[in-house]
Each structure stands twice: as C-alpha cells, then as structure tokens.
Amino acid sequence: MIQTPGLISQQGSSTFLLRAFQLELDTRHDKYERLVKLSRDITIESKRTIFLLHRITSDPNGEEILNESEAKLEAVRQKIKQVAQELIGEDMYQFHRAISPGLQEYVEAVSFQYFIKTRSLISVKEINKQLIFTMEDKEEETNTPSSNPHDKQLCTWSLKVTPVDYLLGVADLTGELMRMCINSVGNGDIDTPFELSQFLRQIYDGFSYIGNTGPYEVSKKLYTLKQSLAKVENACYTLKVRGSEIPKHMLADVFSTKAEMIDREDGLS
C-alpha cells in the first residue's frame, strides 16, 4: 500500500499528539504520587502532635507541651506549603483525593490544640489564615541583588481547607476529646468531663442540622460523633451519681468498662 504525503503527515501529527498526552498524564501521575506522599507525612506528624497533646492531662508542664505542639504543627504547615507549591496553576479538586486525608488529620490536630488553649472550636477561616505562606527576601537566591529594596517581590502560596475536610476533621476531634475526658478523670480531674460534654453536645447539634443532606462522608462521621458524646455523657452521669462512691484512681477503669458496653450495645442494635 502506497502512503500519500498527506496521510504520512496526518499520522505524524497524531503520534505527536499522543506523545504529548502521554507526557501530560505521566506528569500528572507523578504529581499525584508526590502529593500522596506529602499527605502521608502530614498525617503522621499530625498524629504525633495529637499524642503529644494528650500528655497535657497528666503533665504539670502544660505550657511546655503546648509550645512543643506548636513547633510540630509549624513543621506540618511546612509540608502543607510544599503541597501548595505543587498545586500552583492546578485545579486543587483534581488532586483532592490525594491530599484530603492529610488535611483532615491536620484539622483534627490544630483544632485539638486550639480547644486546649481556648476551650472553643477553631473556625475554618482561622485555619486557612494559617495556611498562607510568604517567602521572605532572605530566602531568595539572586545573583544580582537589586539596589532598590522596593524592587523585591515576595512569593505567596496558599492552600484552602475545604468545608468537607474541615467537618470531617472536627468529627474526628470528638474522639480525641472523648479520650481526653477518660484521661482527665483518671488523673482526678472531675470538672473537665462536664465541660467536654457541653462542648461535644454543641458540635453534635451542629452536625445534626446537616444530617443526611450533606456529603456521604459527613453522614458516616455523625454516628461516630454520637458514640463519643454518649461515652462522655455516661462518664458525667457516673461522676454525678456514683462519684463519691468510687475511688478516683478507679474511675477511669469504670468509664472504660462502660464505654466498651456502649460499643457492644451499638454493635447489636
């Protein structure tokens, strides 16, 4: 079969386009894999921060723990900065599944620290304000420094936590607050459980307004949130009714046993 010059030209053009598409897909796949790795690093460091913050119920040096947790969260934010740099010029939602787990864990960690400091819930606006990164002049490497300081420009990157990631992170926070309640009682603190109970009730009421009308993931978290609230309220009930009968060093064991009973009852229902 004799190929005409026009057909050869058309085949060459198609091959060029296919190679261009292949290069673009490979580039996006590599970027996706880098973002997955960064998300895992963010998740690991955020979990370590949460574990550190749980020590505050038993450690007298609470301020030192908060300072250490802030340093850890700042290191996490540097990882998030790398994510923001990877997403320059990209549609974030095309890579959202890669970074969502890490962002949720970060929200959980930063909101836990914020609650310990202020006994309130951090807003998504406040979280996003912390995720605006500016490169200082001293970080820039230039071979010909400008004589006029006004000619220097700062590079700014930002990454916004989506409302869904924020809600999922807050829902996970309730599990940490439940553990904080049990740990507090074990250390003889009988005021914190009642404080946590009111706070968790407010969060649960807020999630109830969303109900089944919101994203599927949020609806799933509502069940876990309800379990955490039930365990804390049960602890408060036990403290109120039987607190004077049970030695303080045994209260945590009693609450843990009752929490396991609630889990079994929920499993049977």
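The values are calculated or read from the model by the stated rules, or taken from the named source; none is laboratory data. Every value quoted in this text rests on a predicted model; they were computed, and no experiment measured them. Neighbour counts run over all protein chains shown; Cβ positions are idealised from the backbone, glycine included.
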Original post:
Does the range 193-235 hold any residues that are among the polar types (S, T, N, Q), modelled with pLDDT of 90 or more and in contact with a helix residue (DSSP H, G or I) (Cβ under 6 Å, 6 or more places away or on another chain), and which are they?
Top reply: 197
Subject >> Whichever residue in the range 1-50 is modelled with pLDDT of 95 or more and small (Gly, Ala, Ser) and, among such residues, is farthest from residue 94 (Cα to Cα) >> reply: 46
Original post:
If the Cβ limit is 6 Å and pairs must be 6+ apart or interchain, which residue in the range 49-76 that is without any contact (Cβ under 8 Å) to a residue 24 or more places away in the chain pairs with which residue that is of a type in the set (Lys, Arg) and part of a helix (DSSP H, G or I)?
Top reply: 65/55
**OP:** Mind listing whichever residues of the range 36-63 are among the acidic types (Asp, Glu) and more than 14 Å from the chain's Cα centre (by Cα)?
**Re:** 59, 63
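I'm trying to understand the selection: among the residues of the range 180-196, which are of a type in the set (A, V, I, L, M, F, W, C) and part of a helix (DSSP H, G or I)? Spell out the reasoning first.
Within the range 180-196, the subset of a type in the set (A, V, I, L, M, F, W, C) is 180-182, 185, 190, 194, 196.
Hits for the range 180-196 are 180, 181, 182, 185, 194, 196.
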Subject >> Given (1) surrounded by 15 or more Cβ atoms within 10 Å (Cβ to Cβ); (2) farther than 23 Å from residue 171 by Cβ, index of the condition residue 80 fails >> reply: (2)
Original post:
Of all residues in the range 124-138 being exposed (fewer than 11 other Cβ atoms within 10 Å of the Cβ) and more than 16 Å from residue 74 (Cβ to Cβ), which is modelled with the lowest pLDDT?
Top reply: 138
Original post:
Taking interchain pairs and intrachain pairs at least six residues apart, which have beta carbon atoms under 7 angstrom, with the first residue in the range 165-179 and in a helix (DSSP H, G or I) and the second among the acidic types (Asp, Glu)?
Top reply: 168/217; 169/108; 172/108; 173/108; 176/108
**OP:** Could you tell me which numbered condition residue 74 fails, if it satisfies all but one of (1) exposed (fewer than 11 other Cβ atoms within 10 Å of the Cβ); (2) over 22 Å from the mean Cα position of the chain (by Cα); (3) within 30 Å of residue 187 (Cα to Cα)?
**Re:** (2)
**OP:** Using the structure shown, decide if residue 161 is of a type outside the set (Gly, Ala, Ser), within 18 Å of the chain's Cα centre (by Cα), modelled with pLDDT under 90 and farther than 24 Å from residue 54 by Cα.
**Re:** no
